[in-house]
Amino acid sequence: MRRIFLMAVFVSGIFHGVSLAQQPAAKPAPTKVGAVDIARALGDTAEGQREFANVQNWVNAQQDALKREETEYNALRNRYMQDQLKMSAEARADTERQLQDRETRLRRKQEDLNQELGLRRQAIVNRLGTKLQGVIQQYALDNNYLMILIAQDGLLAYLAPGADLTGQLVKLYDAKYPIAASAPKKP
């Protein structure tokens, strides 16, 4: 229940500054309530699809480089496992140090990759979310909505199919923010 209240407070923040007194006198007071799945909306817009595809291309390139390093590490480790009994104590210690260094670098690269991925995705969500917020506000005003809630899995007990505005808002977003027809950028 607390989550629903917080979501309602968040949505009311979206409409901050919009009061019923600003409505034209001939227009009836807002009475409709709708919902939008923000994550789906951002992913379904043409701009969102392009941006998330660019991030995925970047991830794929980074993972390929990481796999190459893992292959080199595994080859060195396998050689060490086969030859360690034939090695001098100094050579064994040197190879173990190399293996430890490579393992540490691989782990750090994976952590850095995960962190950078999160930052890139969040930047997209923030940039597109700001634009989507404006589309939602305008849609609510134009169509006499009292409130548009954010729908997330498990937060709304029931949502009538007609109250899900996600598809309509995606179309409005794409119309307001068209993108050039280009392939996703290569990393």
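The values are calculated or read from the model by the stated rules, or taken from the named source; none is laboratory data. Every value quoted in this text rests on a predicted model; they were computed, and no experiment measured them. Please note: Cβ atoms are built from the backbone with ideal geometry, for glycine as well, and neighbour counts cover all protein chains shown. All accessible areas refer to the heavy atoms of the entire protein, side chains included, with ligands and DNA or RNA removed. Shrake-Rupley method; radii C 1.70, N 1.55, O 1.52, S 1.80 Å.
Given R₀ = 30 Å, FRET efficiency for T130-K67 by Cβ-Cβ distance, to 0.05?
0.25
Treating only the Cβ atoms of Lys and Arg (+1) and Asp and Glu (-1) as charged, compute the dipole magnitude of segment 24-78 about its Cα centre; round to the nearest 20 debye.
340 debye
In debye to the nearest 20, how big a dipole does segment 23-129 give about its Cα centre with +1 on each Lys and Arg Cβ and -1 on each Asp and Glu Cβ?
360 debye
Just how many pairs of Lys in segment 61-187 have C-alpha atoms closer than 21 Å, counting pairs that are eight or more places apart or on different chains?
Step by step, the pairs that qualify in segment 61-187 add up to 5.
When Lys and Arg each count +1 and Asp and Glu each count -1, what net charge do the other residues less than 13 Å away from G167, Cβ to Cβ, add up to?
So the surrounding residues net to -2.
Could you give the length gained by full extension between K171 and V33, i.e. 0.36 nm per residue of separation minus their alpha carbon distance, to one decimal place?
47.8 nm
Keeping all protein chains in place, calculate the accessible area per residue for segment 42-130 (probe 1.4 angstrom), answer in Å².
Result: 67 Å² per residue.
Pull up the cross-link candidates among the aspartates and glutamates for K32, meaning alpha carbon to alpha carbon under 14 Å and not fewer than 8 places away within one chain.
D142, D164
Could you tell me which of N54, A160, L132 has its Cα farthest along the dipole of segment 26-168 towards the positive end, charges placed at Cβ (Lys, Arg +1; Asp, Glu -1), taken about the Cα centre?
The listed residue farthest towards the positive side: L132.
Of the heavy-atom accessible surface of segment 54-181 (probe 1.4 angstrom), what whole percent is carbon and sulfur?
Ligands and nucleic acids excluded, carbon and sulfur give 49 percent.
How far is it, in nm, from the label point at L106 to the one at L119 when both lie 7 Å from their Cα along the line to the Cβ?
2.5 nm
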